[in-house]
Amino acid sequence: MPTIKDILSQKGSHVLTVGPSASVLDAATLMNEQKVGALVVAREGRVVGMFSERDVLQRIVAQRRDPATTLVEQVMTVEVVCGTPETTIDEARGCMKNRRIRHLPIVDDNQRLLGLISIGDLNAHQVNSQEQTIHLLHEYLYGRV
């Protein structure tokens with residue numbers, strides 16, 4: 001059964017992070033520059049929160065807070081669910097669906113950040129797997145071309 005390790009081996013382990021004491025403006029600027037929807041909030045290599053577009057909308061814009069003076073730790077999501085490299089892709093998909101999240105930090109046994117997967121990563125993996133299955137079935141039915 002495929003695991004998160006399979007996705008990380010193709011995607012790599014680079015994760016954009018921000019410190020809890022960064023301003024929301026700096027974090028949002030980084031997200032915009034890197035074209036990502038969320039940042040892992042980390043302290044000493046460990047996940048302490050997530051900061052996403054949803055946090056900006058709900059906790060900054062809707063509450064009319066100043067992003068230049070508001071710190072990430074004041075508005076980040078602190079209840080973060082993490083996966084491990086051994087988490088199956090189906091488990092990760094179910095977790096993301098049930099909790100209505102789009103990003104899942106991946107940590108080791110010591111809670112050190114190893115990577116980040118998105119719902120897009122899971123969808124891309126599924127499409128690649130289906131394309132491979134279709135190719136193999138086509139070869140089976142019609143022979144190698």
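Data table
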quantity	calculated
Filter pass, E79 being over 23 Å from S21 (Cα atoms) and open to solvent by 90 Å² or more (accessible area, probe 1.4 Å)	no
Residue that is most open to solvent (accessible area, probe 1.4 Å) [pool: residues in the range 120-145 that are more than 25 Å from R93 (Cα to Cα), part of a helix (DSSP H, G or I) and of a type outside the set (A, V, I, L, M, F, W, C)]	Y140
Residue match in the range 124-135 (condition: closer than 16 Å to G12 by Cα and touching a residue at least 60 places away in the same chain (Cβ under 8 Å))	yes
Yes/no for T17 being among the β-branched types (V, I, T), surrounded by fewer than 17 Cβ atoms within 10 Å (Cβ to Cβ) and either under 26 Å from S129 (Cα atoms) or at pLDDT 95 or above (or both)	no
Pairs where the first residue, in the range 1-23, is in a loop (DSSP other than H, G, I, E, B) and the second is among the charged types (D, E, K, R), C-beta under 8 Å, 6+ apart	M1/D90; G19/R43; P20/R43; P20/E73; S21/E73
Per-region count, the range 108-119, residues assigned to a strand (DSSP E or B) and more than 12 Å from the chain's Cα centre (by Cα)	1
Where a residue in the range 51-80 is farther than 13 Å from L25 by Cβ and its partner, wherever it lies, is among the acidic types (D, E) and part of a helix (DSSP H, G or I), with Cβ under 9 Å and at least six apart	M76/D55; T77/D55
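The rows are residues; the columns are (1) more than 15 Å from Q111 (Cβ to Cβ); (2) open to solvent by 50 Å² or more (accessible area, probe 1.4 Å); (3) out of contact with any Pro (no Cβ under 6 Å at 6 or more places or on another chain); (4) part of a loop (DSSP other than H, G, I, E, B).
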residue	(1), (2), (3), (4)
L25	yes, yes, no, no
N32	yes, yes, yes, no
L39	yes, no, yes, no
F51	yes, no, yes, no
D55	yes, no, yes, no
D66	yes, yes, yes, yes
E73	yes, yes, no, no
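Residue-by-condition table, conditions (1) hydrophobic (A, V, I, L, M, F, W, C); (2) touching a strand residue (DSSP E or B) at 6+ places or on another chain (Cβ under 8 Å); (3) closer than 25 Å to D121 by Cα:
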| residue | (1), (2), (3) |
| --- | --- |
| S9 | no, no, yes |
| G19 | no, yes, yes |
| N32 | no, no, yes |
| E53 | no, yes, yes |
| Q63 | no, no, no |
| D66 | no, no, no |
| T87 | no, yes, yes |
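The values are calculated or read from the model by the stated rules, or taken from the named source; none is laboratory data. Model, not experiment: these values are computed from the prediction. Neighbour counts are summed over all protein chains in view; Cβ atoms, including those assigned to glycine, are modelled from backbone coordinates with ideal geometry. Surface areas here come from the heavy atoms of the whole protein model, side chains and all, with no ligands, DNA or RNA. Shrake-Rupley method; radii C 1.70, N 1.55, O 1.52, S 1.80 Å.
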